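The next block holds one structure in the form of structure tokens; read it before the comments.
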Amino acid sequence: MSERVGRASIRLEEPVYITESASIVGKKEGEGPLGLLFDVVGEDDLFGCTSWEEAESVLQKQAVSLALEKAGLKAEEVNLLFAGDLLGQSIASSFGVSAFRIPHFGLYGACSTCGEGLALGAMAIAGNYAEKAVCVTSSHFASAEKEFRFPLDYGNQRPLSATWTVTGGGAFVLSRQADRKKAEKNNICYYWDTTNTSVGKNTQMSVGARARISGMTIGIITDFGLKDSMNMGACMAPASASTLERHFIDFGSQPSDYDRIITGDLGSVGQKILIDMMQKKGYDISAQHMDCGIEIFDAQAQDTHSGGSGCGCSAVTLSAYILKQLEEKNWKRVLFMPTGALLSKTSFNEGKSVPAIAHALILEAC
């Protein structure tokens, strides 16, 4: 039986396994430090489509298809699908995953959606409501700029505090058990063939699951009254600090209990704020903290200012890099905590502040 821990946390007595995952990214992300780790790097950010929104739907569709293929599953074998994105009414998800015909929960946690989906998927499996679930999310630089800021044709200037929305989609297959059969035979490792734009295959040994989820802390909406949509790191850092402090209290843990404490997309500005806020709360996380938005781009060479953001930022970094470190036992235990800014173009135009939320998951090596 799983149990509630403290005010906002859940400990899974029997862990839920991330058996497979997939990451699809755009050209700019493929040119960054993690470029060789992504499953698919698109040569054209339209991904063969006629609109940015349609391209983002393709990101989700391809990510789910590849994750299922890597897991050796058919869509009808999956009980639940949790999907979300940044667009109005989550249209990237609605048009992206509808063809799979999997019972579907549409989510909106802004850039925290990857954490929200994984938490809900793990709870559904731990509660015996599903055997297998898929969690997917995406973002696209151009569709997000169009939705929240200015169309690209406007050519507006971005302040140094701004982050660059990641073009990418990440999908994860969750299961009650690690795939024992898969652990005993060769698994399929995918690469992108740029000569004929197809997915190729290599073989490598698998351990049956990429990682396991053993606990989580669900965030609360936190609003410090900030209104600058070009400084998402500052808007989201207080939510990260709130969830992280609650996690330490609920589980009676310390920063040193984790190899890494990983936020989603605070960027360099938000990282400094989070570390300072946690220091004032009595926790020094400077040695463990890592931010997906900082890792995914080269700050010097790629001119992304504060770093990366978007639902796809933490999702593709988790799939391509973080889970790889857990698989290879470079890290044994990490706290994965995507962050989301809960604004809309309507609330922004009405002069409202930018509330935020963060959800944390304990990920362990198998």
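The values are calculated or read from the model by the stated rules, or taken from the named source; none is laboratory data. As the structure is a computational prediction, the values presented were derived from the model and not from experiment. Note that we place each Cβ from the backbone using ideal geometry, even for glycine, and neighbour counts take in every protein chain shown.
Each residue in the stretch 13-62 was checked for being part of a strand (DSSP E or B), within 30 Å of residue 124 (Cβ to Cβ) and hydrophobic (A, V, I, L, M, F, W, C), and 6 pass.
Among the residues of the stretch 101-117, those identified as under 14 Å from residue 173 (Cα atoms) and assigned to a helix (DSSP H, G or I) are 114, 115, 117. Kindly provide the set of residues from the stretch 219-277 that are among the hydroxyl-bearing types (Ser, Thr, Tyr), part of a helix (DSSP H, G or I) and at pLDDT 95 or above, ordered by number. Within the stretch 219-277, 240, 242, 243, 256 meet the criteria. Just one of (1) surrounded by fewer than 24 Cβ atoms within 10 Å (Cβ to Cβ); (2) over 23 Å from residue 337 (Cβ atoms); (3) of a type in the set (Gly, Ala, Ser) fails for residue 143. It is (1).
Among the helices (runs of 4 or more DSSP H) contained in the stretch 286-366, which hold 3 or more residues that are hydrophobic (A, V, I, L, M, F, W, C) and at pLDDT below 95?
none
Can you find even one residue in the stretch 252-263 that is in contact (Cβ under 8 Å) with a residue 24 or more places away in the chain, among the basic types (Lys, Arg) and more than 28 Å from residue 27 (Cα to Cα)? No, that holds for no residue. Taken over the stretch 1-12, the residue count meeting the criterion of being assigned to a strand (DSSP E or B) and exposed (fewer than 15 other Cβ atoms within 10 Å of the Cβ) is 2. Of all the residues in the stretch 284-303, those that are within 17 Å of residue 237 (Cβ to Cβ), surrounded by fewer than 19 Cβ atoms within 10 Å (Cβ to Cβ) and in contact with an Asp or Glu (Cβ under 9 Å, 6 or more places away or on another chain) number 1. Among the residues making up the stretch 118-140, a single one is without any contact (Cβ under 8 Å) to a residue 40 or more places away in the chain and part of a helix (DSSP H, G or I): 120.
The number of residues in the stretch 217-262 being of a type in the set (A, V, I, L, M) and either under 23 Å from residue 328 (Cα atoms) or assigned by TED's automatic domain parsing to the domain that holds residue 127 (or both) comes to 2. Is one or more of the residues making up the stretch 28-45 assigned by TED's automatic domain parsing to the domain that holds residue 127 and touching a Cys at 6+ places or on another chain (Cβ under 6 Å)? Looking through the stretch 28-45, none of the residues is assigned by TED's automatic domain parsing to the domain that holds residue 127 and touching a Cys at 6+ places or on another chain (Cβ under 6 Å).
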